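Step one of this worksheet: look at the structure below.
The values are calculated or read from the model by the stated rules, or taken from the named source; none is laboratory data. Quick caveat: nothing in here was measured; it's all calculated off a predicted structure. So basically every Cβ, Gly included, is an ideal-geometry build from the backbone, and we count neighbours across all protein chains shown. SASA here: full protein model, heavy atoms, side chains in, ligands and nucleic acids out. Shrake-Rupley method; radii C 1.70, N 1.55, O 1.52, S 1.80 Å.
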Amino acid sequence: MSSINNSETFYDAIVIGAGFSGIQQLHFLRDKLGLKTLLLEAGEAVGGTWYWNRYPGARCDSESHTYCFYFSEQILKEWSWSQKYPGQEEILSYLNFVTDKLELRPNILFRTRVAEMNYFQSQNRWVVKSTKGEKFSASYVISAVGCLSSANSPNIKGRDNFQGELYHTGQWPHEKVDFKNKKVAVIGTGSSGIQAVPLIAKSAKELTVFQRTPNFSVPARNADLSKEFLSQFKSKTSYYREKMKAARHGHPWQAPDISVRETLSTEREEILEEAWSKGGLRFRESFGDTLTDLESNKLMSDFIKRKILEIVKDPNKAKILSNFDHPFGTKRPALDTDYFETFNKKNVNLIDIRQDPIQEITNVGLETESQKFDFDMIIFATGFDALTGSLLKMEIIGEGGRRLADDWKDGPRTYLGLQVAGFPNFFIVTGPGSPSVLTNMPQAIDQNVSWITDCISYMKENNFSKIEPKKEFMSDWMEQVQKAVEGTLFPIAKHSWYLGANIPGKPQVFMPYVGGLNQYRKICDDVAATGYNGFQFST
Ligand code: NA7
């Protein structure tokens, strides 16, 4: 096991980011392949997404016993989750537990944000430079910067004039934020806003939610996990592993092969009522054609709309919350605990900023076209520059001085989401063009990290020192990514972050591969089995 020596700057591999991906990648490269590996992390501790997203209510919507590492039976057996849907603090504790268990800390350099990396052809090495000017050199660089890690703080006029407290859910302070006796604004109603709103409403004097797009949300019905559940899970981890591998989304179940619209209306209602009362992610999987058949989708969407109209007593609020402009599931739907119910509270207001757009933030609050508000606190729950944001924040310069930002000016281009032509020995975990955010992330990460590790191992065995994809294979893969989405309803949602539409000026290209993690795994396995077809190696 090698550890960091500050005077020593040459490594076999550098991993960037200490979230789920970076932790597993560091462990695999160091402990499976024996590579001298350094992990660079901008934060002060491990956790990635779960380090930064500390807002009230931050919780995962994959089930805890599946949202974890499956590479170590020992870790699976030793760790016990307390709840069905794990909260941010518990996930962070888990990632710290794994880091300690694997003794990874000696190989992690915290408070080190990568600013730039350059590929030097003559030496076939990357030089990675931090924002503080430190330089590290390695044969391989693996980006594990995450898909939802570059916070999107919209540049609303006057934002910097606000004299009160201003937060972003994705960059939440470590100190306790107190809402008591305060007038609070939340801008944004994606998963983060939907999770935070009910908790803020409990203690804020007044909460005003600014909604641009009504979002679908299903009750999480979170619950404590029983000892019986945990012991049955620990006795059959292989069963869960195989189930997750077989599924397109990396969760341990499959949607039944039944169509919403071909099911008799009475039966359909029964299925949906039962799924709603159970709640959670599986509601989306009640039928097999929700994301491929518009009529079927409309029946699902209408069911949720009816639920909102039942829950929310004020008809105007109910209308604003359920006036959907996209099919269910084509933008990321949320899981919630009492989100819609919260709008029945007297201290909670809702503003439809499609009808009454925000004009500017003032020193005392915010102005829409027709109203003026005073606030003590404004919270941006406005999401992320997804999938490419954190990658492109780094200046990545490949062969012949080419910039990744230039190569991707019309949208990201990768082979299998893993590599980019012209950027040898640079790998991306859950990159654009891989299934990533459409799946149970730790399972997508496990597949990518394992594949990258096997690929580097293959290179070592065959005395190859350089790998990059062939251009034509990259083009072909990009076509496959687009073809896969054409068969679905996703393209109907024109304003989704899957497309980059939430970031002004970002090229609009559907970024994740929707063909399924199971199918993608097979494609990647076949590529490896055929001597890494589509990649070129040199010594
Ligand atoms: P999301 O899902 O991107 O949600 C962001 C929300 O903020 C969404 O309602 C946006 O409306 C809204 N938004 C974004 N920009 C603006 C501006 N400029 N003005 C007003 N409202 C805006 O991010 P989350 O953090 O909630 O969730 C991200 C993922 O993290 C989630 O899917 C989980 O996987 C974990 P829009 O819909 O774009 O009209």
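The local environment of G500, defined by Cβ-Cβ distances under 10 Å, has a net charge of 0 under the rule Lys, Arg +1 and Asp, Glu -1. In whole angstrom, how far apart do the alpha carbon centroids of the stretch 423-452 and the stretch 493-539 sit? When both Cα centres are located, 9 Å separates them. Stokes-Einstein diffusion coefficient for the stretch 437-489 at 10 °C in a medium of 1.306 mPa s, Rh from the Kirkwood formula over Cα pairs: what value in µm²/s? D = 117 µm²/s. Of the trypsin sites (Lys or Arg not before Pro) found in the stretch 403-467, the ones in coil according to DSSP and having at most 15 other Cβ atoms within 10 Å of their Cβ are K409.
Annotation: per residue accessible area for the chain equals 41 Å², rounded to a whole number [probe 1.4 Å, protein chains only]. Within the same chain, aspartates and glutamates fewer than 8 places from K409 are excluded, and of the rest, those with a Cα less than 19 Å from its Cα are E116, D385, E395, E399, E472, D476, E479. Binning the C-alpha pair distances of the chain at 10 Å intervals from 0 yields a P(r) profile of 4, 18, 28, 27, 17, 6, 1, 0 %, listed from the shortest bin outward. Which percentage, to the nearest 5, of the DSSP beta bridges contained in the chain is antiparallel? In the chain, DSSP labels about 40 percent of beta bridges as antiparallel. For K346, the aspartates and glutamates whose Cα comes closer than 16 Å to its Cα, not counting residues fewer than 8 places off in the same chain, are E206, D314, D338. According to the Cα-based calculation, Rg over Rh for the stretch 161-244 is 1.15, with Rh computed by the Kirkwood formula. The dipole here belongs to the stretch 11-87: it is taken about the Cα centre, uses +1 on the Cβ of Lys and Arg and -1 on the Cβ of Asp and Glu, and is about 40 debye. With each label modelled as a point 7 angstrom along the Cα→C-beta vector, the I492-S265 pair spans 2.0 nm.
Just add up the charged neighbours of L76: K/R +1, D/E -1, any other residue whose Cβ is under 12 Å from the Cβ of L76. With Lys, Arg at +1 and Asp, Glu at -1, the net is +3.
Across the accessible surface of the stretch 121-265, with the other protein chains kept in place and a 1.4 Å probe, carbon and sulfur atoms take up 46 percent. Considering only G288, H251, F303, and ranking their Cα positions along the charge dipole of the chain that arises from unit charges at the beta-carbon of Lys, Arg, Asp and Glu, the one farthest toward the positive end is H251.
Protein heavy-atom surface of the stretch 287-422, 1.4 angstrom probe: 47% of the accessible area is carbon and sulfur, with nucleic acids and ligands not counted. The lysines whose alpha-carbon is closer than 29 Å to the alpha-carbon of K234, local same-chain residues fewer than 8 away aside, are K32, K77, K84, K101, K243, K245, K278, K522.
Computed on the stretch 96-208, with alpha-carbon pairs under 8 angstrom and 6+ residues apart, the relative contact order is 14 percent. Anything over 21 Å Cα to Cα? Flag those among K202/K317; K180/K345; K307/K494; K205/K372; K36/K460; K205/K305, in the order listed. The pairs that break the limit, which is 21 Å between Cα atoms, are K307/K494; K205/K305.
For the stretch 187-315, a simple Cβ point-charge model (Lys and Arg +1, Asp and Glu -1, everything else neutral) yields a dipole of about 680 debye relative to the Cα centre. Residues of the stretch 150-184 with amide nitrogen under 19 Å from the 7 Å Cα-to-Cβ point of N347? Residues passing the 19 Å test: 165-167, 176-184. For N349, the residues 5 or more places off, or on other chains, whose built amide H falls under 5 Å of its own are L207, T208, V209.
Using only side-chain charges placed at the Cβ, +1 for Lys and Arg and -1 for Asp and Glu, the dipole size of the chain relative to its Cα centre rounds to 560 debye. Annotation for the stretch 1-109: GluC sites (Glu not before Pro) lying in DSSP loop with at most 12 further Cβ atoms inside 10 Å of their Cβ are E8, E44. Legend: helices of the chain (whole DSSP H runs) are marked when their alpha-carbon atoms reach 18 angstrom or more along the helix axis and their mean Kyte-Doolittle hydropathy is at least -1.0; marked are 88-101, 191-203, 294-311, 441-461, 471-486. The mean sequence distance of close C-alpha pairs (under 8 Å, at least 6 residues apart), as a share of the length of the chain, puts its relative contact order at 19 percent. Overall shape of the stretch 229-284 was characterised from the C-alpha gyration tensor. The equivalent ellipsoid obtained from it has semi-axes of 27, 14, 8 Å, in decreasing order.
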